[in-house]
Amino acid sequence: LGNRTKDLGVDYFDFDLSANNTTTFHLYSTYQHLFGQSAKIILSHHDFENCDSEELFSVYNRLATLTPEVIKIASKASRLTDQLTIFSLLEMAQKENLNLIALAMGEAGQISRILAPSYGSFLTFAALEKGLESAPGQFTLEEMHSLYRVKSVNQETKFYCLLGCPVGHSLSPHMHNAALMALGENGVYIPVSVPINELPEFVEKFLHPKTRQMKWSFAGASVTVPHKIAIQGLLDEIDPIAKEIGAVNTIVVKEERLIGYNTDVLGAIAPLKTMLNLTNAKVAILGAGGAARAVVAGLKREGANIIVYGRDEEKLSYLIKNFGVIGKHFAGADKLSCDLLINTTPIGMSGWQSESQMPINPEALKNCDMVYDLVYNPLVTPLLQEARKQGLPILSGLEMLIAQAVEQLKLWTGLEPSSEIMRNAALKKLS
């Protein structure tokens, strides 16, 4: 094996000491005799179960005493905050002038895969393509190079996040990163899947300037399902429009404070106004969550007559009380009649458990004149497919996504991004 390694011109040999037994250590001790000086050694430790801080620091110290060229530690993150241990290890290695590869595996560790190199990690990993991942949570080589621009990320890079659950379907990273690059900004936008029960801890330890333990230049975030309402109680200030709606889709960092905004209002209504006179229009809305609140607020300003169909009585009551809409249980939506039907639920969204479904019975569309689905991936949802089949004009959620994203970037950077660049990036991903 040593001769073969030399013949192949291998520069590094990754020797996994995760087993931590006598045989493994004996093999390592005889490595130099077998391989001579043909390859440099990477001593690695993998833990596919957890990311215990005390244990990983112990592993780091143990491997460091063996003086390899590079130490490698990869552990499975169960929670997003597990990644803090990885960055602490990198910080220690920098101080001790040691070469360390450190990352957290799994979806909860994806921030570490993008940021680790800029924090001193000797390297990071990527899959050649989808389906060829060698460890959970890996991005593809194309994503790492072109989308997240890992090689250009440095200590001055500003980071923007998409906070939601799930986020794998989202087009936002493609749109925002394309726009940031076109603007010449040293910024990267990354998706972060945040479980509902981890949101407060993530805001505290990763985002808030006064409490965060993560040492990065966090500059803002988009907020999507299911956090648009829950995020409000974790912010320092809420813009009047977002406060009126009772939902936040944008976080801006200003003078060590987190401020919540809502750009969904403009985003949802702007594309509609090019297709329909909303004054006195009879509009039926499916869903009563954060997106519905933004749509209702925008429609009220245009003078529309609104009926909201929802399953959550508390959310439905909020809309009735604060916006004066008519509220009905979702079951009654199959008997609706309207000039415009708007779906604000995630039903039909790619990656969602109900991606192949419609939010209402196809028969109900016979009493509608137009259908608007805020879901943008796929571009034409099952609901829009059925509406088109019945000869109705349709509007995809992509136009709303673009319009609200443009406003987000304005808030974050003070610059005017190109909506066309964002649209092309989204369509390229969808194709």
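The values are calculated or read from the model by the stated rules, or taken from the named source; none is laboratory data. Quantities reported herein were computed from a predicted structural model and do not represent experimental measurements. Counting neighbours? That spans all protein chains shown, and the Cβs are built from the backbone with ideal geometry, glycine included.
Is it the case that some residue within segment 398-405 is over 30 Å from Tyr160 (Cβ atoms), touching a strand residue (DSSP E or B) at 6+ places or on another chain (Cβ under 8 Å) and in contact (Cβ under 8 Å) with a residue 24 or more places away in the chain? No, the conditions are met nowhere in segment 398-405. Screening Asn50 with (1) of a type in the set (S, T, N, Q); (2) at pLDDT 90 or above; (3) surrounded by fewer than 16 Cβ atoms within 10 Å (Cβ to Cβ) gives one miss only, at (2). Evaluate segment 332-342: report whether one residue or more is of a type in the set (Gly, Ala, Ser) and assigned to a loop (DSSP other than H, G, I, E, B). Scanning segment 332-342, I find at least one residue that is of a type in the set (Gly, Ala, Ser) and assigned to a loop (DSSP other than H, G, I, E, B), so the answer is yes.
If only residues of segment 128-146 that are among the hydrophobic types (A, V, I, L, M, F, W, C) and out of contact with any Phe, Trp or Tyr (no Cβ under 8 Å at 6 or more places or on another chain) are counted, the one that is nearest to Asp47 (Cα to Cα) is Leu132. Annotation: Gly187 fulfils all but one of (1) surrounded by fewer than 18 Cβ atoms within 10 Å (Cβ to Cβ); (2) out of contact with any Pro (no Cβ under 9 Å at 6 or more places or on another chain); the unmet one is (1). Could you list all residues from segment 210-247 that are among the β-branched types (Val, Ile, Thr), assigned to a helix (DSSP H, G or I) and either in the same structural domain as Gln83 (by TED's automatic domain parsing) or at pLDDT below 95 (or both)? Answer for segment 210-247, where residues must be among the β-branched types (Val, Ile, Thr), assigned to a helix (DSSP H, G or I) and either in the same structural domain as Gln83 (by TED's automatic domain parsing) or at pLDDT below 95 (or both): Ile241, Ile245. From the list Ala426, Ala405, Ala387, the one residue that fits, being touching a Cys at 6+ places or on another chain (Cβ under 9 Å), part of a helix (DSSP H, G or I) and closer than 22 Å to Thr345 by Cα, is Ala387. Being of a type in the set (Val, Ile, Thr) and either more than 14 Å from the chain's Cα centre (by Cα) or over 27 Å from Glu91 (Cβ atoms) (or both) is a condition met by at least one residue of segment 120-141. Among the conditions (1) surrounded by 18 or more Cβ atoms within 10 Å (Cβ to Cβ); (2) part of a helix (DSSP H, G or I), Met358 misses just one, which is (2). Exactly one residue out of Val167, Val194 is β-branched (Val, Ile, Thr), free of Cβ contacts under 8 Å to residues at least 60 places away in the same chain, under 15 Å from Glu107 (Cβ atoms) and assigned by TED's automatic domain parsing to the domain that holds Ser431, and it is Val167.
Of the helices (runs of 4 or more DSSP H) entirely within segment 51-149, those holding at least 1 residues that are acidic (Asp, Glu) occupy 53-64, 83-95.
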